[in-house]
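Everything below concerns the one structure shown next.
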Amino acid sequence: MARYNVKETERKWQRVWEKRRSFEVEADPSKKKYYVLEMFPYPSGRIHMGHVRNYTLGDLVARFRRAQGFNVLHPMGWDAFGLPAENAAIENKVHPAAWTHENIATMKRQLKSMGLSYDWRREVATCDPSYYRHEQKMFLDFLEHDLVYRKESWVNWDPIENTVLANEQVIDGKGWRSGAPVEKRKLAQWFLKITAFADELLSALASLDRWPDRVRLMQENWIGRSEGAHLRFAIDGRDDPLEIYTTRPDTIFGASFMAISANHPLAAELAAGNPRLAEFIATCNRMGTSEAAIETAEKLGFDTGLKCRHPILADVRLPVYVANFVLMEYGTGAIFGCPGHDQRDLDFAHKYGLPVTPVVCPEDTDPGSFEIGDVAYTGDGRIINSDFLNGLGIEEAKSAIIAHFEKAGVGSRQVNFRLRDWGVSRQRYWGCPIPVIHCDVCGVVPVPAEQLPVLLPEDVDLSGAGNPLDRHPTWKHVDCPTCGKAARRETDTFDTFFESSWYFARFCSPDADIAFERAAADYWLPVDQYIGGIEHAVLHLLYSRFFTRALKQCGYLGMDEPFAGLQTQGMICHETYKSAAGKWLTPTDVRPTDGGGFVDANGGAVSVGRSEKMSKSKKNVVDPEGIISTYGADTARLFMLSDSPPERDLDWTDAGVEGAWRYVNRLWRLVDEPAFALAGVGATRPTAVEGSAADLERRTHRTVAAVTEDLERFHFNKAVARIRELSNAVEGLKASDAGADWVLRNCLETISVLVGPMMPHLAEEIWSALGHESLLVDQPWPDADAALIVDENVTVAVQVNGKLRGTIELAKDAPEDVARESALANENVRAFIADKAVRKVIVVPNRIVNIVV
RNA sequence: GCGGGUGUGGCGGAACUGGUAGACGCGCCAGACUCAAAAUCUGGUUUCCGCAAGGAAGUGCCGGUUCGAUUCCGGCCACCCGCACCA
């Protein structure tokens, strides 16, 4: 009898798996495959609890599918480019590469201590030239296939990180990492044509039936498809028309003004001769998108004096305003204003004294008395005051008016998207160099494929302002590949989401000379189960879907969707602590008092705040390494699985960890000090299994069936509960019952297989203690015997008028009249029926009998 | 503002297509073992009334459908998330 030695045991099995190469896999078309992937980490220094949860979930799936007989690919790598490395370099005077590799080494050691079933041979780090050279090639292929362009445009500029951000990286007008208000700048940037796939990225969401609805909805909203019309309005005294986009062409007869964006070319042209307009435009730009108060910002306009002709009403003229609420980036940057049916337009019309004509009347209202007050009418109804559209419904009117415009040659039906192209240029050092050369003679020249990779220079000075590559004395100076004259390298690097958009494919053939081998990708992809945080719902997950399509177009791949199944995990939360002085305290700074409160190291009062996401700023973090070295990886893993469903936030508590730890030891004792000796038990089931042994055997099979279903459906907390129930039930086994010793052994073996995906070290130790030479990790998942799952008898509830009054024992599938008689015979039930007449008896077989009196 | 989600004991959470609400765990209470403590084991634990058998109430609030509602429908409330001048 030995106490369960976590450290030694866990290390032992990790070594055994490594030595036996248990998790190394090869593509094998004769086997059904399963690709499990967790979002790879940024090597920030040490793993945190979020990582532990993510990789515990993934490892469970990988081990479970492996036991089910799948050829499982389960790789791990490092999303290794990124800004923190540069910041660390400046602070600590280390090279970003050295800092990154050191972190990778630390985190890899920590991950290995968790006993995760990775094929470590497939590890990749995206900052390695053997990785990023392939995405430089991809970029050249994208160029060739017209999926990339360079454009001078207004960009989101992060003043802290000194770089451009994509639209997806601006949260509430602030940089997603720095939190600094984003400024507008005009820069020449490289863009990937994600909008070319907008329609497909949207419609294919319906096929992703193993993705959370929430994520699909977020992507749908982000892509933001709208149907409307593109119209051209003639401007008095000018030859060029004003082009607008509208989703409400049916309200054209209610138009009373035109509005163009402050960044519209027409506005710029007019401002050249009008200082007051120029001043107005400058004011609009200052407000920009960085103003948090956009919502409350007043609608402001500047009357240009220009007049547009109404496209149908010959004598109507619409004044053209420059307005602060019109965005240049959406549609054409110009609109017609219909105050009656758009709140913004109404506010604007009231401010500038413009006419308000209702053109849609609610069904139940008299058109003659329908007026618009302070609230625009945006609901359904019939068209009024609109000539040939009068009496039509909104949708009919849209079709009719678009047909009219198409005939007149002044407009057409148009679909618009909110999604914009993905700007990938970043003014940073620690990223993949964009492989182009700028030549004064030849213009932008792609780096010839045979000159790849364009390597990052190792000697770099990160201390100054701006882009370090641009300031490097020699790196950017090269000869033009076309004309041979002196030219300059592009000094921008890729957005780091570029690397994570295809890493899942690289894992299929991580050592290939090309990005990935087609055969390997065809076998392994798509990823069957992808697991990670919800925060990537529209960033990484949308980029990867786009990339897969772009790569397909360039002949790399044969599929559209990279991730067939997606599971998003909740955050890890912890209570927060504050000292009397209002300073945040870490969980290790406080200790509990007898009264249930906490005090700090000096005994000072501590106020306990609500549980929040673990974060450095609130100091409510618990370091996984300490937990793992004290309680072991299996305890940490069990706790991660047992307390909350994966998609929900998980509260980290010491008590919960203690509980998991107790269960680890309890399971171990079940085998180490079994109820009776198991040494001589045969392998085949005895013919006689009776009494408590028969009960436990049935229960074992029922548990197998239930746990299998729970694991398939990601109900891991329920699976844990069922296994606990089974191990509790072992206590009820009587040695004297026939077959007891065989059933006990069979039950313990089953438990060891069932907990294998959750607590692999303990499971292996139990398996071995039961006398097996083989590894548990190579054991197949058990089948539940259908005959043993169903009970012969069922407990049926009896209600009187819908209230529970008793229960009766019946044979399974007993006839209805038997159930009825048995229910009516129940003593307590009879008391409630008393002398009342039974009006109706409802019998739901095997479940309930309801007597209505 | 628009879109979506959540709300169940002291706590985390169970309850498949409407059918015994509270599985399992944490915490707490009692008991066993111990000189004692820890660990472990056993039992109890939604609230109220009752010695008990049993009864009443109960899944955010109000109402509806139904023999029967945590589950379906309508209307509120609270909290959380996403988007946000998108024409």
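Taking the Cα centre of the stretch A:1-146 as reference, the dipole from Cβ charges on Lys and Arg (+1) and Asp and Glu (-1) amounts to some 1180 debye.
Straight-line reach from A:Lys19: taking Cα to Cα under 17 Å and skipping same-chain neighbours fewer than 8 places apart, the aspartates and glutamates in range are A:Glu8, A:Glu10, A:Asp119, A:Glu764, A:Glu765, A:Glu773, A:Asp778. Relative contact order of chain A, taken over Cα pairs closer than 8 Å and 6 or more residues apart, is 13 percent.
Over the stretch A:445-529, the Kirkwood radius and the radius of gyration, each from Cα atoms, give a ratio Rg/Rh of 1.09. Considering helices alone, the calculated mean residue ellipticity of chain A at 222 nm is -10500 deg cm²/dmol, with DSSP H runs of length four and up weighted by -39500 (n - 2.57) and normalised per residue.
Going by accessible surface with a 1.4 Å probe and the largest first, A:Thr251, A:Thr807 read A:Thr807, A:Thr251. Residues whose amide H falls under 5 Å from that of A:Leu306, counting only those 5 or more places apart or on a different chain, are A:Val320, with hydrogens built in the peptide plane.
Our note on the geometry: Cα centres of the stretch A:339-375 and the stretch A:440-464, 58 Å apart.
Close amide H partners of A:Leu585, meaning residues 5 or more places away or on another chain with modelled amide H under 5 Å apart, are A:Tyr577, A:Lys578, A:Ser579.
Residue by residue, the stretch A:506-513 carries 3J(HN,Hα) couplings of 4, 4, 5, 8, x, 9, 5, 6 Hz when phi is fed to the Karplus relation 6.51 cos²θ - 1.76 cosθ + 1.60 (θ = phi - 60°); x denotes Gly or Pro. Averaged over its residues, chain A has an accessible area of 45 Å² per residue, based on protein heavy atoms and a 1.4 Å probe. Helix A:83-92 axis versus longest C-alpha principal axis of chain A: approximately 80°, rounded to the nearest ten. Each Lys and Arg adds +1 at its Cβ and each Asp and Glu adds -1 at its Cβ; summed about the Cα centre, the stretch A:121-232 shows a dipole of about 200 debye.
Taking a straight line from the alpha carbon of A:Lys613, these lysines sit under 21 Å away, with near neighbours fewer than eight places off in the same chain left out: A:Lys174, A:Lys578, A:Lys583. Averaging the Cα positions of each part gives two centres, and for the stretch A:558-597 and the stretch A:180-195 these lie 34 Å apart. Note that the stretch A:194-199 has calculated 3J(HN,Hα) couplings of 5, 5, 5, 10, 3, 4 Hz, one per residue in order, obtained from phi through the Karplus relation 6.51 cos²θ - 1.76 cosθ + 1.60 (θ = phi - 60°); glycine and proline are x.
Taking only C-alpha pairs under 8 Å that are 6+ residues apart, what is the relative contact order of the stretch A:117-267 in percent? Result for the stretch A:117-267 is 14 percent. Placing A:Ile531, A:Ile848 in order of accessible area, with the largest value first and a 1.4 Å probe, yields A:Ile848, A:Ile531.
Within the full protein context, the accessible area of A:Ile402 is estimated at about 10 Å² for a probe radius of 1.4 Å. Once you sort the root eigenvalues of the Cα gyration tensor of the stretch A:702-853 as a ≥ b ≥ c, which label holds: rounded (a/c under 1.5), prolate (a/b larger than b/c) or oblate (the other case)? Taking the square roots of the gyration eigenvalues as a ≥ b ≥ c, the stretch A:702-853 is prolate. Centroid-to-centroid, using Cα positions, the stretch A:208-258 and the stretch A:395-410 are 15 Å apart.
For chain A, the equivalent ellipsoid built from the Cα gyration tensor has semi-axes of 59, 41, 27 Å, listed from largest to smallest. Accessible area per residue was computed with a 1.4 Å probe on protein heavy atoms; A:Thr568 scores about 10 Å².
Here the stretch A:381-445 is treated with +1 on each Lys and Arg Cβ and -1 on each Asp and Glu Cβ, and its dipole about the Cα centre works out to around 280 debye. Specify whether the C-alpha gyration tensor of the stretch A:1-133 places it in the rounded, prolate or oblate class, a ≥ b ≥ c being the square roots of the eigenvalues: rounded for a/c under 1.5, otherwise prolate if a/b is larger than b/c and oblate if not. Here the stretch A:1-133 falls in the oblate category. Compared with the dominant Cα axis of chain A, that is its longest principal axis, helix A:394-408 is turned about 40°. Sequence-ordered 3J(HN,Hα) estimates for the stretch A:647-652 from the Karplus curve with 6.51, -1.76 and 1.60 and θ = phi - 60° stand at 6, 8, 5, 10, 8, 7 Hz, glycine and proline given as x. Each of A:Arg66, A:Arg847 has its accessible area taken with a 1.4 Å probe; listed largest first, they run A:Arg847, A:Arg66.
Counting only residues at least eight positions apart within a chain, or on another chain, the aspartates and glutamates with an alpha carbon under 14 Å from that of A:Lys718 are A:Asp643, A:Glu647, A:Glu709, A:Asp710.
In the context of the full protein assembly, A:Asp461 retains an accessible surface of approximately 90 Å², using a probe radius of 1.4 Å and ignoring ligands and nucleic acids. For chain A, the antiparallel share of DSSP beta bridges with both residues in that region comes to about 80%.
The values are calculated or read from the model by the stated rules, or taken from the named source; none is laboratory data. The structure presented is a predicted model; accordingly, all values stated were derived computationally and were not measured. With ideal geometry, Cβ positions are generated from the backbone for all residues, glycine too; neighbour counts draw on all protein chains shown. Only protein heavy atoms, including side chains, enter the accessible area calculation; ligands, DNA and RNA are left aside. Shrake-Rupley method; radii C 1.70, N 1.55, O 1.52, S 1.80 Å.
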